[in-house]
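Below is one structure; the comments refer to it alone.
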Amino acid sequence: MTQMNMVQAINDALRLEMARDDRVVVLGEDVGKVGGVFRVTAGLHDEFGDDRVIDTPLSEGGIIGTAVGMALYGLVPVPEIQFSDFIWPAYDQIVSELAKYRYRSGGEYPCNMVIRTPVGGGIRGGHYHSQHPEASFIHHAGLKVVCPSNPYDAKGLLLASIRDPDPVLFFEPKRVYRAAKGDVPEGDYTVDLTKATVSREGSDVTVIAFGAMLYEALDAAVKAEEQGVDVEVIDLRTLWPLDIDTVIESVKKTGRLVVVHEAPKSCGFGGEIVSLVCEKAFYHLEAAPIRVTGWDTPFPYTLEMEYLPLSHRILPAVIEAAKA
Amino acid sequence: MVSPAENSSATQSPPGDIVHAMRDDGSLSAEHDPGLSTQQVVDLYRHMVRTRIIDERLVTLQRQGRIGFHIGSLGEEAAIIGSSFAMGEQDWIFPCYREFGGALMRGFKLQSFIDNMFGNANDAAKGRQMPDHYTCREARWGSISSPIGTQMTQAVGFAWAAKIQKKSLACLVYFGDGSTSSAEFHNAMNFAGVFKTPSVFFCRNNGWAISVPVERQTASDTFAEKGVAYGVPSVRVDGNDLFAVIAVTRAAVQRARDGGGPTLIEALTYRMGGHSTSDDPNRYRARDELEPWVERDPIERVRRHLQAKGAWSDDQEEALRTEVDGQFREAVANAEKTPPPSLASMFEDVYAEQPWHLKEQCQQLLSGARAPKAH
Ligand SMILES: Cc1ncc(C[n+]2csc(CCOP(=O)(O)OP(=O)(O)O)c2C)c(N)n1
Ligand SMILES: [Mg+2]
């Protein structure tokens, strides 16, 4: 075990998998010589060379389109999109092509690739360096969406994602890139892409979170305990396909649900989770589910802390759910 | 990599030779002399120096933690000031993110710019955007977006609209060498060519897109030659030569206004600093790459020109610096005294009229607990 932050853990996973499997290639803007604007690919260019760690022209559509082609050939590309806010020029390639290749070719053309991209706010990035766009990808059948909250999961989930036969969007919560530190095993291991984890056990209210907001949910849980409310916090880890069993089991126990995400509320992923719980566990609910999310506005700059669903907004929601 | 050496040797690709107006001794060649009065040159010089001083001060503010970010124009002042100057009052400019000096010259108030850098209540963008993402319609200057390339097609559409309505204007769009790889560049060039829009494409080829050198953006010898494929006339200009930049931009504007359609200008310059305050260029480029460009510093060249004519003195230089410093300090003091935008302002301008759900969410925010201040 070594202490690592999330940047180091992801870097470690990439290095390990590139050494183990020569089909794995990394490509993107500034990923080579400089090792990425967040230094996630640092050192890989020196170790694996220009053919496998590739600085590309400035075109997300070009990066993802060619990565799809590489995957069709049989490589396992791991393209980086510098900020998830810049993924939209590649949206057509992702949702019309990557997501549908297996299906439209009757399984002849699977695309094994992982798109890594930093997500989320709280770094003074304004509209275009802060968004958390999971819902826009979950909505398109065929994509898996992962968002780790800690270094251990980040490494294990990334290794599992690269080995997964389906395309994966790997969202890295940049607010905790360096803040979240933890023990990470040196060698090879994976974290199951089908399993959420219960980060904190409790009996009164279920709080569902992921990525950077997990820490806010845990903080709110500690404060709720002071008020006599026992909170269970679930870290989804893989957002889609959702580990529905873990969610339903928890809600059956607590009867109360709070869902947290940074993205705007309307048509956000929280709406889907609440709907699923209503469909599958309606008679176990003792209170109306609550969503604590970003507001339905573009992501602001100066007021970003008032935009994010931080602990100070999760706590009253948890208390409200508990008292209902 | 573009090297200054290239600037003196002619390239025989379709766009032709690199246009220079200034000789090394500071005198002007007759062919590309834009015919400015001495006073005009002094004014332009002052704008260039002002831009650089403000750049330096903003970097300091960022290092002190007083602003969050800055993306500067160190070394690109002639390209920016010269091209913005060549645009008439009726013309429009769609900026990238490095051209605040041009906006200030066209009437954007320093105080407004600094309010944007602080994202305070007086910022015209209402503190919603990152620093350097200001908005200033008054200066006929577009609002700034981070996603690379998006302004290029929009600028073409803007110019096209004016053409449809038979208004005489030109619309210039700024972008970097890296941005020519975006789909938007190709769409913009193609549409502009097909519809002969009154567009000026101004490519600041500063050699780098963050850590990626120009050889990784294109296998073409020049960016200008990309115009050939789209039927868009193009020209390469010494981007560190204020006079040459003005001459070629004026010619492009004239062609646009005369119904001759678009022009692609490739200005050869160099990003003398990091990409932004978040970047350390020593990680990826050799320090000695900078030296030849220091010798061709666009500001020094104009100063030598003015001094040779006896039109600029050290005293004037000193006075200019003191003046800009004073204006800057005052603007910063005002900006720091100004409160952040109101909480309710976050929900405004999403739509022209606020729908029920935003009213509801605004109410929720106002009646809830306040967020921690720290980032
Ligand atoms: C669509 C998109 N992808 C990536 C980025 C991140 N990014 C910001 S600036 C930049 C480099 C731009 O280089 P260039 O066009 O040469 O302009 P310069 O910064 O040199 O002026 C990159 C990759 C972005 N802003 N938008
Ligand atoms: Mg550039």
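Using a simple spin-label model with pseudo-atoms 7 Å out from Cα toward Cβ, B:K373 and B:A219 lie 5.7 nm apart.
Taking only the C-alpha atoms of segment B:203-242, Rg followed by Dmax gives 11.3, 31 Å.
Annotation for segment B:312-375: trypsin sites (Lys or Arg not before Pro) lying in DSSP loop with at most 14 further Cβ atoms inside 10 Å of their Cβ are B:R370, B:K373.
What does the average come to when, for each residue of peptide B:193-206, you count the partner chain Cβ atoms lying within 10 Å of its Cβ?
Average neighbour count from other chains, rounded to a whole number: 0.
Taking every alpha-carbon pair in segment B:1-157 and binning the separations at 5 Å intervals from zero gives 1, 8, 14, 18, 18, 15, 11, 8, 4, 1, 0 percent.
Expressed in whole Å with the largest first, what are the equivalent ellipsoid semi-axes of the protein assembly as shown derived from the C-alpha gyration tensor as the square root of 5 times each eigenvalue?
One finds semi-axes of 48, 29, 23 Å for the protein assembly as shown.
For chain B, lysine pairs separated by 8 or more sequence positions, or belonging to different chains, with Cα-Cα distances below 19 Å total 10. Label positions at A:A141 and B:Q39, each projected 7 Å from the Cα along the C-beta direction, are separated by 7.3 nm.
Give the relative contact order (percent, whole number) for chain B; include only Cα pairs under 8 Å separated by 6+ residues.
That works out to 23 percent.
Of all lysines in the structure, those lying under 17 Å Cα to Cα from A:K195, and not within fewer than 8 positions of it along the same chain, are A:K144, A:K155. Counting only DSSP H runs of at least 4 residues, each contributing -39500 (n - 2.57), and dividing by the residue count of chain B, the helix-based mean residue ellipticity at 222 nm comes to -13000 deg cm²/dmol. Between chain A and chain B, the total buried accessible area stands at approximately 3500 Å², from heavy atoms with a 1.4 Å probe. Based on C-alpha pairs under 8 angstrom that are at least 6 apart in sequence, segment A:2-184 has a relative contact order of 27 percent. For segment B:4-341, what proportion of DSSP beta bridges, expressed in % and rounded to the nearest 5, is antiparallel? Rounded to the nearest five, the antiparallel share is 15 percent.
Does chain A come out rounded, prolate or oblate, given a ≥ b ≥ c as the square roots of the eigenvalues of its C-alpha gyration tensor, rounded meaning a/c under 1.5 and, failing that, prolate meaning a/b above b/c? Since a/c reaches 1.5 and a/b is larger than b/c, the shape of chain A is classed as prolate. Amide H to amide H distances under 5 Å link A:H132 with A:G120, where only residues 5 or more positions off or on other chains count and H is placed in the peptide plane.
Peptide A:120-128 has a mean shielding of 4, counted as Cβ atoms of other protein chains within 10 Å of each residue's Cβ.
Taking one quarter of the surface of the C-alpha convex hull of segment A:215-289 gives a mean projected area of 5.2 nm². Nearest 0.05, what FRET efficiency do B:D288 and B:A229 give at R0 = 22 Å with Cβ-Cβ as r? The pair B:D288/B:A229 has a calculated efficiency of 0.05.
With Kirkwood's inverse mean 1/r over C-alpha pairs for Rh, give me the Rg to Rh ratio of chain B, two decimals please.
Answer for chain B: 0.98.
Simple spin-label estimate for A:Y283 and B:D258 gives 8.4 nm between the two label positions (7 Å along the Cα-to-Cβ direction from each Cα). Taking the helices alone, chain A has a mean residue ellipticity at 222 nm of -10000 deg cm²/dmol, built from -39,500 (n - 2.57) per DSSP H run of at least 4 residues and averaged over all its residues. Across chain B, the longest run free of exposed loop sites, meaning GluC sites (Glu not before Pro) lying outside DSSP classes H, G, I, E and B with no more than 14 other Cβ atoms within 10 Å, spans B:90-352. Computed with a 1.4 Å probe over protein heavy atoms only, the accessible area of A:T190 comes to about 70 Å².
Given R0 = 51 Å, the distance between the Cβ atoms of A:S275 and B:Q327 translates into a calculated FRET efficiency of 0.35.
Just tell me how shielded A:253-262 is by partners: mean number of partner chain Cβ atoms within 10 Å of each residue's Cβ, no decimals.
Neighbouring Cβ atoms belonging to other protein chains average 0 per residue here.
A Förster radius of 35 Å, combined with the Cβ-Cβ distance separating B:K109 from B:Q165, puts the computed FRET efficiency at roughly 0.75. Taking every C-alpha pair closer than 8 Å and separated by at least 6 residues, the mean separation divided by the residue count of chain A gives a relative contact order of 16 percent.
The values are calculated or read from the model by the stated rules, or taken from the named source; none is laboratory data. Note that the structure is a prediction, hence the values are computed from the model and not measured. Cβ atoms come from the backbone with ideal geometry, glycine included; neighbour counts cover every protein chain shown. Side chains included, ligands, DNA and RNA excluded: accessible areas come from the protein's heavy atoms. Shrake-Rupley method; radii C 1.70, N 1.55, O 1.52, S 1.80 Å.
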